[in-house]
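Below is one structure, written out as structure tokens; the observations come after it.
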Amino acid sequence: MTSLGLLLIWIAVAVVALIILLWFFPVTLWFQALISGVRISLIQLVLMRWRKVPPSTIVMAMVTGTKAGLKLDANALEAHYLAKGNVPNVVNALISADKANIALDFKMAAAIDLAGRDVFEAVQMSVNPKVINTPPVTAVAKDGIQMIAKARVTVRANIKQLVGGAGEETVLARVGEGIVSSIGASESHKDVLEHPDSISKVVLAKGLDAGTAFEILSIDIADIDIGKNIGAVLQIDQANADKNIAQARAEERRAMAVAQEQEMKAKAQEARAKVIEAEKEIPLAMADAFRSGNLGIMDYYRIKNIQADTDMRENIAKEQ
């Protein structure tokens, strides 16, 4: 092997060794932090690599914060990264809060970030309030008219309540409940149409932002539509129900009457059967009367005449 080949090999080995050395010892990153006014040792950057923390993320966050006038601790930033936190987002939130004169320290910002909320967006919302449009809320006034209202809720993030505070869904649910109760307390739907601002005043006075991550600044009724006449519908339904109940009771009485009629017919048939059975005994009784001398021939003819007269009268009555 020639001397030129050996030289190339040694150069390649030196380049690889230099790359590995610079990766373990990020001198460039350390120098960048040094000229930016960030005091961090080269050994600390090396230890970050061993702890699987990207030194560039920590250094750039400290450079950004230092240039913005913040005092940040590298160990605190590294601990927040190891806790699965978003270090750049927290630093940007601290810078925005400092420029907007909002009281926010690193501990609070880190807690908000680890709670799953976007702390940078929360700080921006504290400066620029957010408008939330509620879904259509249906309520019924005392006169039975259904009303459909839409509201716009202007909220501002409450930094102190971001950890453990309820979110937008709770605010919307409370606003909807307040709209329903306000419209339901109105004597007439005309009053609501004439003074829609009364709904906003009543709802806003309830303190609906208590325990939430927001501060409600205003509630404005964007639109109110008239729906069905619920009172009339309920009256119609009640009338139909009463009619069905009356029909059922009438049918019950008719069935009872039919049953009684059938019972009376059965009793009448039973009575006729007894009469027929008794009539069978008449000839025998008359024969005994003849034999005993208690009935004479003239008495028998008189009975026959009466019976014939009775049959004639019945036939005449049937013909008429």
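For this structure, a couple of remarks:
- Interchain or long-range residues, amide H under 5 Å from Asp209's placed H: Ile216
- Database remark: amide H of Gly227 closer than 5 angstrom to the amide H of Gln146, Met147, Ile148 (H placed geometrically; neighbours at sequence offset of 5 or more, or on other chains; Pro and chain starts carry no H).
- Ranking of Leu94, Leu193 by solvent-accessible surface, largest first: Leu193, Leu94 (1.4 Å probe, protein heavy atoms only, all chains present).
- The overall shape of segment 196-254 is prolate: from the C-alpha gyration tensor, with semi-axes ordered a ≥ b ≥ c, the ratio a/c is 1.5 or greater and a/b exceeds b/c.
- Accessible-area value, Thr154, 1.4 Å probe, nucleic acids and ligands omitted, Å²: 30 Å²
- Heavy-atom accessible area order for Leu45, Leu34, Leu114, largest first, 1.4 Å probe: Leu114, Leu34, Leu45
- Summary of the geometry: segment 110-140 and segment 26-72, compared by the centres of their Cα atoms, lie 33 Å apart.
- Point-to-point label distance, Val233-Ala268, nm (Cα→Cβ direction, 7 Å offset): 5.4 nm
- Reachable lysines, given that their alpha-carbon falls under 30 Å from the alpha-carbon of Lys228 and they are not under 8 places away in the same chain: Lys142, Lys150, Lys190, Lys201, Lys206, Lys243
- Across segment 94-196, C-alpha contacts under 8 Å between residues 6 or more apart give a mean separation that, scaled by the residue count, equals a relative contact order of 27 percent.
- Net charge of Cβ neighbours under 10 Å - reference Asp209; Lys, Arg +1; Asp, Glu -1: +2
- In this structure Arg156 has an accessible area near 80 Å², from a 1.4 Å probe over the protein heavy atoms.
- Only helical runs count toward this figure. For the chain, summing -39,500 (n - 2.57) over DSSP H runs of n ≥ 4 and dividing by all residues gives -22000 deg cm²/dmol at 222 nm.
- Across the chain, Cα pairs under 8 Å and at least six residues apart give a relative contact order of 11 percent.
- Directionally averaged projected area (convex hull, Cα atoms, the chain), nm²: 49.4 nm²
- Amide H contacts under 5 Å for Ile132: Val153, Thr154, Val155, restricted to partners 5 or more places along the chain or on a different chain, H placed in the peptide plane at 1.01 Å from N.
- The modelled label-to-label distance for the pair Asp197/Val275, using points 7 Å beyond Cα in the direction of Cβ, is 9.2 nm.
- Based on C-alpha pairs under 8 angstrom that are at least 6 apart in sequence, segment 148-233 has a relative contact order of 54 percent.
- Across the protein chains, with a 1.4 Å probe defining accessible surface, the residues Met286, Met62 rank Met286, Met62 from largest area downward.
The values are calculated or read from the model by the stated rules, or taken from the named source; none is laboratory data. Keep in mind the model is a prediction, meaning the values are calculated, not measured. Backbone-built Cβ (ideal geometry, glycine too); neighbour counts: all protein chains shown. In case anyone asks, the SASA skips ligands and DNA or RNA and just uses the protein heavy atoms, side chains included. Shrake-Rupley method; radii C 1.70, N 1.55, O 1.52, S 1.80 Å.
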